Amino acid sequence: RLKAITEEYLRYARIPPPQLHDIELNQLCADIIDFSRAEALRSRVTLRLDPDPVSRLVRVDSNQLRSALINLIRNSCEALEESGGDVQISIRSGGGEASVKVTDNGPGIAPELAERIFEPFFSTKPQGTGLGLSMVRQLIEAQGGRIALKPSLLNNDFQEVTAGCSFTVYLPLTPLLGSVLQ
């Protein structure tokens, strides 16, 4: 256990600067879901993709973004291990940025813990190192993005429910050619 914590800490401390390239976010997320599907099935979790109807490019390090999103999906699957459930990845764009929302219908995160969830070494898991979500935030912010947590969800009647949570990653869109020339 100590070795695993040390290795994760060293990875956290040595995150290289991002190598930014234009990538198609719908395709990247579809690939991530395909990669994560076997692990999700072992936890009795169904992964679903809600792609952006207006596919746009984002300027990111695809390997670092892939690591961050896989970590979010893995956390959702771990939250659903006992009961099974659903994880949905929704992609939208507008206002100069794209959002990737990873939503699950698990037990959720207590609001009093939500403020600390991205702190290094803070974990709600008995075997957790507390570096996963802080690493995710570091990876996203290094690419000019940000991440937000919504610890509970709203149902179709806009009433708060106690189960589930949603992490949303916001990323800069690649400028459209026409707007660059103006």
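The values are calculated or read from the model by the stated rules, or taken from the named source; none is laboratory data. None of the values given here were measured: they were computed from a predicted structure. Heads up, the Cβs are rebuilt from the backbone with ideal geometry, glycines too, and the neighbour counts pull from every protein chain shown. Note: accessible area is taken over every heavy atom of the protein model, side chains too, but ligands, DNA and RNA are not part of it. Shrake-Rupley method; radii C 1.70, N 1.55, O 1.52, S 1.80 Å.
Some observations on this one:
- Residue pairs meeting the criteria (Cβ under 9 Å; at least 6 apart or on separate chains; first farther than 14 Å from Val87 by Cβ and of a type in the set (Asp, Glu), in the range 27-40; second assigned to a helix (DSSP H, G or I) and open to solvent by 10 Å² or more (accessible area, probe 1.4 Å)): Asp31/Arg66
- The range 57-77 residues that are in contact (Cβ under 8 Å) with a residue 60 or more places away in the chain, paired with ones that are among the small types (Gly, Ala, Ser) and surrounded by 24 or more Cβ atoms within 10 Å (Cβ to Cβ) (beta carbon under 9 Å, 6 or more apart): Leu57/Ala98; Val58/Ala98
- Evaluation of Asp104 against (1) modelled with pLDDT of 90 or more; (2) touching a helix residue (DSSP H, G or I) at 6+ places or on another chain (Cβ under 8 Å); (3) more than 20 Å from Glu39 (Cα to Cα) (one fails), failing number: (3)
- Output for the range 88-109, where each listed residue is over 21 Å from Thr174 (Cα atoms) and not small (Gly, Ala, Ser): Gln88, Val102, Thr103, Asp104, Asn105, Pro107, Ile109
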